[in-house]
Amino acid sequence: MIQSDNIEMLCVDDIHTYYGKSHIVQGISFNVSAHECVALLGRNGAGKTTTLRSIMGLTPPQNGKILFKGVVIQNLPPFEISRNGIAYVPEDRQIFTTLTVMENLNLALKKHQKDDGWTIEKVLDIFPALAERRFNRGNQLSGGEQQMLTIARALMSNPDLLLLDEPTEGLAPIIVEILLEVIINLKKEGLTILLVEQNVSATRTVADNYLILQQGKIVYQGDNEDFWATPALQKKYLGI
């Protein structure tokens, strides 16, 4: 596995994000190093999805700073943030349900691909279920297959950082295991991942570090070993 070399891929510095007058993200700061997976946890409404949307420019923070590979990005539109190397897999998937798997992937294909970048053939190799259903429309896929397609489509932009919002929600345990194995393999490929997940146990094999949000503020930061050695912490903030 490629090890983190402590290069800061993402730096979130004291950001504040609002929906109207509602102060959702209240001054959070954290870093994500290259090639690591950071799990962002918290109860419903804690601000996890808003944090991802803030990074992606979909709900820009009103205060604070976000740097990606050392470049300030919080004032850029989402398409430029994506072009710079961040891909977002939203909770609601947002695939084109009337298009086939191949058509969904072709739409996401960059005109100028890296020589060693992701291709349709490469993403179908890691998602053999999609390869088998490449000519099926999105609305003919199971929930798990739709989630695979959403991740596969995100990879077509050749990101350096992947934002995953609740990728295992509502999926059968066997599909969850497949997706976790995919995340492990993506880390081996060198991808950096920020993972929002309600299924806390699912993060155990993939997350290097943990953040816990409560009411828009970070109340815990620690590594995998420390997090799993502190069950009282999990009970207090996550109810498990």
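Please work out if Ile183 is buried (at least 20 other Cβ atoms within 10 Å of the Cβ) and of a type outside the set (Phe, Trp, Tyr). So Ile183 fits the description; yes. Take Leu161 and tell me if it is buried (at least 18 other Cβ atoms within 10 Å of the Cβ), within 13 Å of the chain's Cα centre (by Cα) and modelled with pLDDT of 95 or more. Considered against the rule, which asks whether it is buried (at least 18 other Cβ atoms within 10 Å of the Cβ), within 13 Å of the chain's Cα centre (by Cα) and modelled with pLDDT of 95 or more, Leu161 comes out as yes. Phe96 passes every criterion in (1) modelled with pLDDT of 95 or more; (2) part of a loop (DSSP other than H, G, I, E, B) apart from (1). Residues of region 9-40 that are assigned to a strand (DSSP E or B), over 9 Å from Gly216 (Cβ atoms) and touching a residue at least 60 places away in the same chain (Cβ under 8 Å): Met9, Leu10, Ser29, Phe30, Val32, Ser33, Cys37, Val38, Ala39, Leu40. Out of Ala108, Ala152, Ala87, Ala131, which single residue is closer than 26 Å to Phe68 by Cα and surrounded by fewer than 22 Cβ atoms within 10 Å (Cβ to Cβ)? Matching residue, one of Ala108, Ala152, Ala87, Ala131: Ala108.
For Leu213, the conditions (1) free of Cβ contacts under 8 Å to residues at least 24 places away in the same chain; (2) closer than 30 Å to Asn84 by Cα are fulfilled apart from (1).
Annotation: Asp226 fulfils all but one of (1) surrounded by 15 or more Cβ atoms within 10 Å (Cβ to Cβ); (2) of a type outside the set (A, V, I, L, M, F, W, C); (3) in contact with a strand residue (DSSP E or B) (Cβ under 9 Å, 6 or more places away or on another chain); (4) under 30 Å from His16 (Cβ atoms); the unmet one is (1). Considering the conditions (1) farther than 22 Å from Tyr220 by Cβ; (2) at pLDDT 95 or above; (3) more than 15 Å from the chain's Cα centre (by Cα); (4) not hydrophobic (A, V, I, L, M, F, W, C), Gly57 is excluded by exactly one of them, (3). Scanning region 48-72 for residues that are in a loop (DSSP other than H, G, I, E, B) and surrounded by fewer than 23 Cβ atoms within 10 Å (Cβ to Cβ) turns up Gly57, Leu58, Thr59, Pro60, Gln62, Lys69, Gly70.
Does Thr205 satisfy being surrounded by fewer than 20 Cβ atoms within 10 Å (Cβ to Cβ), in contact with a helix residue (DSSP H, G or I) (Cβ under 9 Å, 6 or more places away or on another chain) and not in a helix (DSSP H, G or I)? Steps first, answer last, please.
On the way: surrounded by fewer than 20 Cβ atoms within 10 Å (Cβ to Cβ): yes; in contact with a helix residue (DSSP H, G or I) (Cβ under 9 Å, 6 or more places away or on another chain): yes; not in a helix (DSSP H, G or I): yes.
Yes; evaluated as a whole, the condition is true for this residue.
Ile184 falls short on exactly one of the conditions (1) under 17 Å from the mean Cα position of the chain (by Cα); (2) aliphatic (A, V, I, L, M); (3) not in a helix (DSSP H, G or I), and that condition is (3).
The values are calculated or read from the model by the stated rules, or taken from the named source; none is laboratory data. The shown structure was predicted, so the numbers you read here are calculated from the model rather than taken from an experiment. Note that each Cβ is placed from the backbone with ideal geometry, even for glycine, and that neighbours are counted across all protein chains shown.
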